[in-house]
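Quick notes on the structure that follows.
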Amino acid sequence: GGSLWSGEDPVRLPFERGPIHHEAEMVLSVGRHLDHATAVEARAAVDGVAVGLDLTLRELQAGLKALGLPWLVAKSFANAAIVSTFAPLPPERDLQALDLRLIIGGTVRQHASTSLTIWSAAELLSLLSARVPVLPGDIVFTGTPEGVGPLGPGDRVELTLSDLARLELTVA
């Protein structure tokens, strides 16, 4: 149990269930319906961007992977995905030229350009829309750079996405 993070109090996480690892990600806000969209159509549908903190119960995930099972349960707990406020995104802004950074206690743990993703944001949305409809209001986490690692109680976490988005929190 536990309530969701309000944006002010420390974030409560279920450390009694095992180690929890952080993943900083660019998050897209979709403004129009996509169904089998091209990459160009997908990019045109992105109307906002945020930075997100994707959390994983790492030991549970490893156990599920070893059994060949989906990881969904390892990412299914209160506060497992926290997203900053979305910034409007002009169509000319290059989603593959943004700086993604996660800092814990003043130490940079993750830092990379969105240009290093396996698929561009537009390609990712296009691939997703070929499998399921993507609807206005949907948000999509786009993947994380190297540097994933554990969080602990008392950690002060700061995430940024260039000059567009910022998220700051303390772990309870």
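The values are calculated or read from the model by the stated rules, or taken from the named source; none is laboratory data. Predicted model, so just to flag it, every value in this text is computed and none were measured. Because the Cβ atoms are built from the backbone with ideal geometry, glycine has one as well, and the counts that use them run over all protein chains shown. The protein model used for the area step is the full one, side chains on, heavy atoms only, and it has no ligands, DNA or RNA in it. Shrake-Rupley method; radii C 1.70, N 1.55, O 1.52, S 1.80 Å.
Expressed as a whole percentage, what fraction of the accessible surface of the chain belongs to carbon and sulfur atoms when a 1.4 Å probe is rolled over the protein heavy atoms? Working shown, then result.
Details: 5080 of 8890 Å².
That share works out to 57 percent.
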Open item on the list: What figure, in Å² to the nearest 10, do you get for the accessible area of SER6 with a 1.4 Å probe and non-protein molecules left out?
Closed with: 80 Å²
Open item on the list: Just to confirm my numbers, what's the Cα centroid distance between segment 1-33 and segment 123-168 in Å?
Closed with: 10 Å
Open item on the list: Loop-only chymotrypsin sites (Phe, Trp or Tyr not before Pro) in segment 1-109, please: DSSP not H, G, I, E or B, and at most 15 other Cβ atoms within 10 Å.
Closed with: TRP71
TODO: Please work out how much length the chain gains when fully extended from HIS111 to ASP47, using 0.36 nm per residue of separation minus the C-alpha to C-alpha distance, in nm with one decimal.
DONE: 20.6 nm
- [ ] Using label points projected 7 Å from each Cα along Cα→Cβ, tell me how many nm separate LEU69 and ALA81, to one decimal.
- [x] 2.1 nm
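Compare the peptides 90-103, 149-162 by average per-residue count of other Cβ atoms within 10 angstrom and give them in order, highest first.
On the way: 90-103: 15.0, 149-162: 16.6.
Top to bottom by mean Cβ count within 10 Å: 149-162, 90-103.
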- [ ] Compute the relative contact order of the chain as a whole-number percentage, counting only Cα pairs closer than 8 Å that sit 6 or more residues apart in sequence.
- [x] 35 percent
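Using only helices, what value at 222 nm comes out for the chain when you add -39,500 (n - 2.57) per DSSP H run of length 4 or more and divide by the total residues, to the nearest 500 deg cm²/dmol? Mind dumping the intermediate values first?
Values: 3 runs with 25 residues, N = 172.
Mean residue ellipticity, 222 nm, calculated: -4000 deg cm²/dmol.
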Open item on the list: Per residue, how much accessible surface does segment 12-160 expose to a 1.4 Å probe? Answer in Å², no decimals.
Closed with: 50 Å²
- [ ] Can you tell me the relative contact order of segment 7-53? Whole percent, Cα pairs under 8 Å, sequence separation 6 or more.
- [x] 43 percent
TODO: Note the listed values [x] 23; [y] 42; [z] 27, then indicate which one is percent of Cα pairs over 27 Å apart calculated from this particular structure.
DONE: [z]
Task: Contact order normalised by residue count of segment 63-157, Cα under 8 Å, 6+ apart, percent - done: 24 percent
